[in-house]
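Some notes on the structure that comes next.
The values are calculated or read from the model by the stated rules, or taken from the named source; none is laboratory data. Nothing here was measured: the structure is a model prediction, and the numbers come from that model. Reconstructed Cβ throughout: ideal geometry from the backbone, glycine too, with neighbour counts over all protein chains shown. Calculation scope for accessible area: heavy atoms of the full protein, side chains included, ligands and nucleic acids excluded. Shrake-Rupley method; radii C 1.70, N 1.55, O 1.52, S 1.80 Å.
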Amino acid sequence: MIGFLTLFNKEVLRFWRVSFQTVLAPMITALLYLMIFSHALSHHVSVYPGVGYIAFLVPGLVMMSVLQNAFANSSSSLIQSKITGNIVFVLLPPISYVQFFLAYLLAAVVRGLVVGASVLIGTMLFTPVHIAMPLLSLAYAILGGGMLGALGIIAGIWSEKFDQLAAFQNFLIMPLTFLSGVFYSIHSLPPFWLDISRFNPIFYMIDGFRYGFFGQSDVSLSVGFPVVVGCFLALSAICLILLQRGYKLRY
Amino acid sequence: MKNVPAISVERISKRFGGLQALKNVSLTIEQGEFFALLGANGAGKTTLISILAGLARADTGEARIMGHCVQHDYRAARRHLGVVPQELAYDPFFTVRETLRIQSGYFGLRRNDDWIDEILTRLELLSKADSNMRSLSGGMKRRVLVAQALVHKPPVIILDEPTAGVDVALRQSLWQFIREINQTGHTIVLTTHYLEEAQHLCRRIAMLKLGELVALDDTASLLKAAGDLELHIAVNPDHLPPELLSRAKSLGNARYCLALASADELEQVLCVLRTAGVSLEDVSLHRPDLEDVFVQMMERT
Ligand SMILES: Nc1ncnc2c1ncn2[C@@H]1O[C@H](COP(=O)(O)OP(=O)(O)OP(=O)(O)O)[C@@H](O)[C@H]1O
Ligand SMILES: [Mg+2]
């Protein structure tokens, strides 16, 4: 148990020590998106009745930050440790693979939540924010952070070089988050793209998170919630199998 | 628990693609031993250590640390083992003390500062305790690696070239420290390319060659088997008495080499020379050292 807590603490400290890059920078990026998109699109995009575009954008940006940063945390920590060789320090001790998984996963969730909260507080400077069901949104943020944290663990284990990880980030994470309805309601899309969006698990996370703000969503939570939980469990299972086998970590 | 070997390796083989890194290696190291694992670059030392540490998996065979299988009972095996890895690695986010506290935590130890302070003192790192790992010199980083392997006071300690890049004074104080640890009952296994270190420190030695165990014996027996004591002399005049000439090897320039069965024989040789009126210009005794043994072993096919 102490082994797990130490690893978790170390992973949190690792990003906290460089919070300028790991918290402040993504927060500023999200706020820039808010200013640019709200300026450019607020008169062109109609979202939910009774919900202004800026208000609509806020939860999308918050959740996008949670997801991207959770992924970044576990994946970058693992690839750095692998490349610099200091991964041996966590491979030598009697830390079980389940503890290993949970420590990296929870640290990723914490990073996601810290950045998400910073973005939320930042947006409050620009626009009033009202959250109808904060606990529901929090649950979605934790689940979403967990899912991307797990995906980050997989990416970190699989990648052998930084550019492989960058490819993962640029060709999978970025398109999936940008095309997940952060900036629009998928009902404004042509039917073909609407159908495609339904295969994007990140869409369900953003949608559910936003439901917590407005009580309105693109698809029913009775569909969205199981999808999110299912994806989280599936990715976690893959992580555990990889770690148990020592895939690319123990040769 | 008392009589279980510190390390047991049974018919371990490991292949990397087309390369057989370890071939059917078996060896047992008892508790309390000071043991050297020697071999040329690429012989398989680090691979064997990695298997013991659970960093690599053997294709066949079984390895145990204090009786715990490194595969099936990996947590117990790792708790009993401290490894100083060959590759210099460090986490640039932390100071030396933080690094050691974190490493203690990984082994389930929460308040370990007294021992950490002692290790830091013995390894002459105390003045660097609060420096970031990044700012340390290479030799200091290696000492931190040694410290990290010791935080949990493991009964079995494996050091993979711990003195590479460490200066002379520290090498000696490091070995002094390790020797004391050994005297309190900890088993020590080391690899090094400084063979005089191994000869000096280790009671027993294994040699690997291209993944195969080619020697496994007491240091003393290996040295004895490597050949006799040799007496090198330069004489004046260059006229060795016949009873000596018959068994001497000429090295040219009035220099000769005589094999002695024991140190006792020296007296007799000197006596013969004195009687023959031959004086000695120079004399030296050469005892085969571990380097000679090593070269012999590696040349043998
Ligand atoms: N991960 C790996 N993948 C492929 N080959 C490897 C790997 N690790 C080691 N080898 C090969 O296995 C052989 C044994 O390597 P090992 O590192 O065990 O040697 P060593 O005895 O420790 O040498 P040195 O004295 O140089 O440290 C070498 O030929 C090496 O190239
Ligand atoms: Mg080696």
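All conditions but one from (1) surrounded by 13 or more Cβ atoms within 10 Å (Cβ to Cβ); (2) more than 23 Å from A:Ala141 (Cα to Cα) apply to A:Cys239; the one that does not is (2). Quick check on B:Ala6: is it closer than 16 Å to A:Arg250 by Cα and crowded, with 18+ Cβ neighbours inside 10 Å? No; evaluated as a whole, the condition is false for this residue.
Anything in region B:253-267 that is at pLDDT 85 or above and open to solvent by less than 60 Å² (accessible area, probe 1.4 Å)? List them, or say none.
Within region B:253-267, B:Ala254, B:Tyr256, B:Cys257, B:Leu258, B:Ala259, B:Leu260, B:Glu265, B:Leu266 qualify.
Within region B:138-163, take every residue that is among the charged types (D, E, K, R) and within 16 Å of ligand 1 (Cβ to nearest atom) and give me the one that is nearest to B:Ile188 (Cα to Cα). Only one residue tops the list, namely B:Asp160. Scanning region B:64-76 for residues being more than 8 Å from chain A (Cβ to nearest Cβ) and out of contact with any helix residue (DSSP H, G or I) (no Cβ under 8 Å at 6 or more places or on another chain) gives a total of 4. For region B:143-164, filtered to residues that are within 14 Å of ligand 2 (Cβ to nearest atom) and open to solvent by 20 Å² or more (accessible area, probe 1.4 Å), the residue that is farthest from the chain's Cα centre (by Cα) is B:Ala164.
Among the residues of region B:83-102, the one identified as within 22 Å of B:Gly185 (Cβ to Cβ) and either among the hydroxyl-bearing types (Ser, Thr, Tyr) or facing chain A (nearest Cβ under 8 Å) (or both) is B:Val83.
Cβ-Cβ contacts under 7 Å between residues 6 or more apart (or on different chains), taken from a first residue in region B:183-197 that is more than 16 Å from ligand 1 (Cβ to nearest atom) to a second residue that is of a type in the set (Phe, Trp, Tyr), are listed as B:Ile188/B:Phe34; B:Ile188/B:Phe35. A single member of B:Ala215, B:Ala234, B:Ala206 is away from ligand 1 (no atom under 16 Å from the Cβ), among the aliphatic types (A, V, I, L, M) and not in a helix (DSSP H, G or I), and it is B:Ala234. Can you confirm whether region B:124-132 contains a residue that is open to solvent by 10 Å² or more (accessible area, probe 1.4 Å), away from ligand 1 (no atom under 16 Å from the Cβ), on the phi > 0 side of the Ramachandran plot and not basic (Lys, Arg)? Yes: one or more hits. Of all residue pairs spaced 6 or more apart or on separate chains, those with beta-carbon atoms under 6 Å, a first member in region A:123-134 that is farther than 11 Å from A:Ala55 by Cβ and a second member that is at pLDDT below 90 are A:Ala132/A:Gly215. If you take the residues of region A:1-60 that are in a loop (DSSP other than H, G, I, E, B) and within 30 Å of B:Ile102 (Cβ to Cβ), which of them is nearest to the other protein chains (Cβ to nearest Cβ)? Applying the filter and picking the extreme gives A:Arg17. The single condition from (1) of a type in the set (S, T, N, Q); (2) more than 20 Å from B:Gln199 (Cα to Cα); (3) within 16 Å of ligand 2 (Cβ to nearest atom); (4) open to solvent by 30 Å² or more (accessible area, probe 1.4 Å) that B:Asn41 fails is (2). Residue under question is B:Leu270, and the condition is that it be at pLDDT 85 or above, in a helix (DSSP H, G or I) and not assigned by TED's automatic domain parsing to the domain that holds B:Arg204; does it hold? Here the answer is yes, as B:Leu270 does meet what is asked.
Looking at region B:69-99, which of its residues are more than 16 Å from ligand 1 (Cβ to nearest atom), open to solvent by 10 Å² or more (accessible area, probe 1.4 Å), in a loop (DSSP other than H, G, I, E, B) and more than 23 Å from B:Leu213 (Cα to Cα)? Across region B:69-99, the qualifying residues are B:His72, B:Asp73, B:His80, B:Tyr90, B:Asp91, B:Pro92, B:Phe93. Here B:Thr95 meets each of (1) closer than 29 Å to B:Gly32 by Cβ; (2) polar (S, T, N, Q); (3) at pLDDT 95 or above with one exception, condition (1). Scanning region B:190-211 for residues being under 11 Å from B:Leu290 (Cα atoms) and touching a Lys or Arg at 6+ places or on another chain (Cβ under 9 Å) gives a total of 2.
Taken over region A:190-209, residues that are touching a helix residue (DSSP H, G or I) at 6+ places or on another chain (Cβ under 7 Å) and not in a loop (DSSP other than H, G, I, E, B) amount to 11. Taking B:Thr60, is it in the same structural domain as B:Leu210 (by TED's automatic domain parsing), within 16 Å of ligand 2 (Cβ to nearest atom) and hydroxyl-bearing (Ser, Thr, Tyr)? Spelling it out, it is not the case that B:Thr60 is in the same structural domain as B:Leu210 (by TED's automatic domain parsing), within 16 Å of ligand 2 (Cβ to nearest atom) and hydroxyl-bearing (Ser, Thr, Tyr). Looking at this structure, is B:Tyr106 without any contact (Cβ under 8 Å) to a residue 24 or more places away in the chain, surrounded by 21 or more Cβ atoms within 10 Å (Cβ to Cβ) and more than 16 Å from ligand 1 (Cβ to nearest atom)? The answer is yes for B:Tyr106.
For region A:78-95, which residues satisfy the criterion of being open to solvent by less than 30 Å² (accessible area, probe 1.4 Å), touching a residue at least 40 places away in the same chain (Cβ under 8 Å) and within 11 Å of chain B (Cβ to nearest Cβ)?
First pass over region A:78-95, keeping only residues open to solvent by less than 30 Å² (accessible area, probe 1.4 Å): A:78-79, A:81, A:85-95.
Next cut, touching a residue at least 40 places away in the same chain (Cβ under 8 Å) only: A:78-79, A:87, A:90-91, A:93-95.
Matches in region A:78-95: A:Ile87, A:Val90, A:Leu91, A:Pro93, A:Pro94, A:Ile95.
The residues of region A:155-171 that are over 19 Å from A:Phe8 (Cβ atoms) and touching a residue at least 12 places away in the same chain (Cβ under 8 Å), listed by number, are A:Ala155, A:Trp158, A:Ser159, A:Glu160, A:Lys161, A:Phe162, A:Leu165, A:Phe168, A:Gln169. When we screen A:Gly212, A:Gly181 for residues that are touching a residue at least 24 places away in the same chain (Cβ under 8 Å), within 13 Å of A:Pro59 (Cα to Cα) and part of a helix (DSSP H, G or I), the only hit is A:Gly212.
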